[in-house]
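Some notes on the structure that comes next.
Coordinate-derived values only; no laboratory data. Keep in mind the model is a prediction, meaning the values are calculated, not measured. Ideal geometry is used to build each Cβ from the backbone, glycine not excepted, and the neighbour counts take in all protein chains shown.
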Amino acid sequence: MRRDVFQAIADPVRRDIINLLSEQRLTVNEVAEQFEVSRPAISKHLKILEECGLISYDQRGRQRYCLIQPKTLVPAFLWIDQYRNLWEDKLDAFENYVNQLQTKKSKK
């Protein structure tokens, strides 16, 4: 089964793993310690992240460190970014609406 970056980021645990690894290099065990799910479940998430090219491993003696590969997130970022203006316009319109309501309320 061919996986892609969108499958990887679809799961909240994998997004949390990506976030952790974006801040620091961690061993597989250190990643697993951050979650209240089983070690095998974390291993499965890490395998999916590796299959999608979002992480790689650096073997140092007996330790296996997880390394983030941020360039792999670029397609997802570009896809999401195309909708930024739409959401910014919606949020701006909502802010204007709230401001109008507050202005009407303060005039009363």
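Give me the distance in nm between label points sitting 7 Å out from Cα along the Cα-to-Cβ direction at VAL37 and ARG62, one decimal.
Between VAL37 and ARG62, the simple spin-label model gives 2.7 nm.
What ³J(HN,Hα) values, in whole Hz, does the Karplus curve 6.51 cos²θ - 1.76 cosθ + 1.60 give for region 52-69 when θ = phi - 60°, with x put for Gly and Pro?
Each residue's phi maps through the Karplus curve to give 7, x, 7, 9, 9, 10, 10, 7, 10, x, 8, 8, 10, 8, 8, 10, 6, 10 Hz.
List every residue whose amide H lies under 5 Å from the amide H of LEU26, counting only residues 5 or more places away in sequence or on a different chain, with H placed 1.01 Å from N in the peptide plane.
CYS66
Just give me a number: lysine pairs in the chain, eight or more positions apart or cross-chain, with C-alpha atoms less than 23 Å apart.
Working: LYS44/LYS71; LYS47/LYS71; LYS90/LYS104; LYS90/LYS105.
Within the chain, the lysine pair count is 4.
Hey, can you grab everything whose amide H is under 5 Å from the amide H of ILE55? Only 5+ residues off in sequence or another chain; H modelled, so Pro and N-termini drop out.
The list, which skips near neighbours in sequence, is GLU50, GLN69.
Per the helix-only calculation at 222 nm, which mean residue ellipticity applies to the chain, given -39500 (n - 2.57) for every DSSP H run of n ≥ 4 and division by its residues, nearest 500 deg cm²/dmol? Spell out each step's value before the answer.
Numbers: 6 runs with 68 residues, N = 108.
Result for the chain: -19000 deg cm²/dmol, rounded to the nearest 500.
Charges on Cβ only, +1 for Lys and Arg, -1 for Asp and Glu, centred on the Cα centroid of the chain; of TYR83, ALA8, ALA93, which one is farthest towards the dipole's positive end?
Final value for the positive-end residue is ALA93.
Taking only the alpha carbons of the chain, what extent do you get along each of the three principal axes, in Å, biggest first?
For the chain, the Cα extents along the three principal axes come out at 71, 28, 23 Å.
Starting from the Cα gyration tensor of region 47-108, multiply each eigenvalue by 5, take the square root, and state the resulting semi-axes largest first in whole Å.
Values: eigenvalues 454, 45, 9 Å².
In descending order the semi-axes read 48, 15, 7 Å.
Hey, quick one: spin label on TRP79, modelled 7 Å out along Cα-Cβ, who in region 1-34 has an amide N within reach, i.e. under 13 Å?
It comes to 3-11, nothing else.
Based on the Cβ-Cβ distance from ARG3 to VAL28, what FRET efficiency comes out when R0 is 22 Å, to the nearest 0.05? If you can, show how the numbers build up before the last one.
Details: r = 19 Å, r/R0 = 0.87.
Efficiency at R0 = 22 Å is approximately 0.70.
What angle do you read, to the nearest 10 degrees and between 0 and 90, between the alpha-carbon axis of helix 39-51 and the longest principal axis of the chain?
That works out to roughly 80 degrees.
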